[in-house]
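The values are calculated or read from the model by the stated rules, or taken from the named source; none is laboratory data. What you are looking at is a predicted structure, and each value in this text was computed from that prediction instead of being measured. All Cβ positions, glycine included, derive from the backbone under ideal geometry; neighbour counts span all protein chains shown. Accessible surface areas use protein heavy atoms only, side chains included; no ligands, DNA or RNA. Shrake-Rupley method; radii C 1.70, N 1.55, O 1.52, S 1.80 Å.
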Amino acid sequence: MPGVGPPVMKQLRNNVIRAGLGALYFSGAHHLLRPLLSGVGAIFMLHHVRPAREAAFQPNRHLEVTPEFLRATLCHLRSRDIDIVSMDELHERLVQGRFARRFAAFTLDDGYRDNLEFALPVLREFDAPSTVYVASDYAEGIGRLWWTALEAVIAKTDRIDVQIGNAALRLDATTQAAKRAAFDRLHDWLRALPGEHDLKREIEALCARHDVDMAALCRSLCLSWDEVRRLAADPLVTIGAHSISHCNLAKQSEEIAAQEMTVSRARIEHALGRTVQHFAYPYGDREAAGEREFALAASAGFKTAVTTRPGMLFAENAGHMTALPRVSLNGNYQDTRILPVLTSGAATAMWNGFRRIAAA
Ligand SMILES: [Zn+2]
């Protein structure tokens, strides 16, 4: 999953993006900006692909799009005559400077079962390659999908008691708005905890108090190794690594961060009997992947590594192959009118304050 900032920033950012995307769409400004901003290609980032759910409380909705929206996106790209390529092909085009045709890659993070069930059939309709980045603990069925567990905890309770630092907090969760506020508060607290063991302790305590089985959530949502093998058997699919435990690599020692990359790759290679050459940083934002992690991924021998920093690809990205930006297909903006804006690059350029390369 990608990272998110503090609640106020997040809200502000969402409002700016929503207003900005609307303004760009309705003014047609993206058509004027395109020659400057469209770049040579893009890497799209997805997580879950599944039919829309009924539940009113869906704080993780930004992490899922429907099969119909994925189909609409693929249609749009085909109509614009944009090549849909694998990460190997994308790497080659960047290295060789082959930019006569624009291109896009589809990437799916974490390794969810719905990727096999719902995304793959749609991608096959378009003969479209994709890369699925698997966190090896998730495929083992022991991963901590803590943001999903937190959603489950808050969905089923009216009140949450937590100790945050020295303060004992009682959070109201009686209304949808209160649940959302409680989620944002706890999500940001958990993400900001200093170590992985702190996160593990706190989310496990919350799950225990509210009778949520985090391991069962992982097993119900994530591809098992057998299913990863079924997915990998499709010639359109590349499997990449996404660390062992889905930890924030920037918070680990250099040794542990390197191990998270190389051991997760070794486990996937062992399960599939083929080499793994592409990596996605868990969370992938500035707080989770920086210069040290980019260098570690390069020295571990990955051909590419993708962040969650928003941006289109430019020729200059060839010099930063382990710090590639992506364009999120965000579940909160599943409006087909947004698609021309996304592929114009105007949306991500706005997000980045019109900086082209965000490798630093
Ligand atoms: Zn992830």
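Summary of computed values
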read-out: Calculated Rg and Dmax of the chain using C-alpha coordinates, Å; value: 19.7, 60
read-out: Beta bridge orientation in the chain: antiparallel %, DSSP, nearest 5; value: 20 percent
read-out: Relative contact order for the range 209-277, counting Cα pairs under 8 Å that sit 6 or more residues apart, in percent; value: 31 percent
read-out: Filtered trypsin sites (Lys or Arg not before Pro), the range 134-184: DSSP coil and at most 12 other beta carbons within 10 Å; value: LYS156
read-out: Area of CYS222 that stays accessible when all protein chains are in place (1.4 Å probe, Å², to 10); value: 0 Å²
read-out: Accessible area in square angstrom per residue, the chain, 1.4 angstrom probe; value: 41 Å²
read-out: Surface share of carbon and sulfur [accessible, 1.4 angstrom probe, percent] for the chain; value: 55 percent
read-out: Percent RCO, i.e. relative contact order, over the chain, from Cα pairs under 8 Å lying at least 6 residues apart; value: 25 percent
read-out: C-alpha long axis of helix 146-155 to longest principal axis of the chain, angle in °; value: 50 degrees
read-out: Isotropically averaged projected area of the range 125-242, using the convex hull of Cα atoms (one quarter of hull area), nm²; value: 9.1 nm²
read-out: Simple label model, 7 Å out from Cα along Cβ direction - ASN332 to GLU204, nm; value: 3.2 nm
read-out: Lysine pairs within the chain, Cα separation less than 26 Å, 8 or more sequence positions apart or different chains; value: 9
read-out: Length-normalised contact order for the range 146-215 - Cα pairs under 8 Å, 6+ apart - percent; value: 37 percent
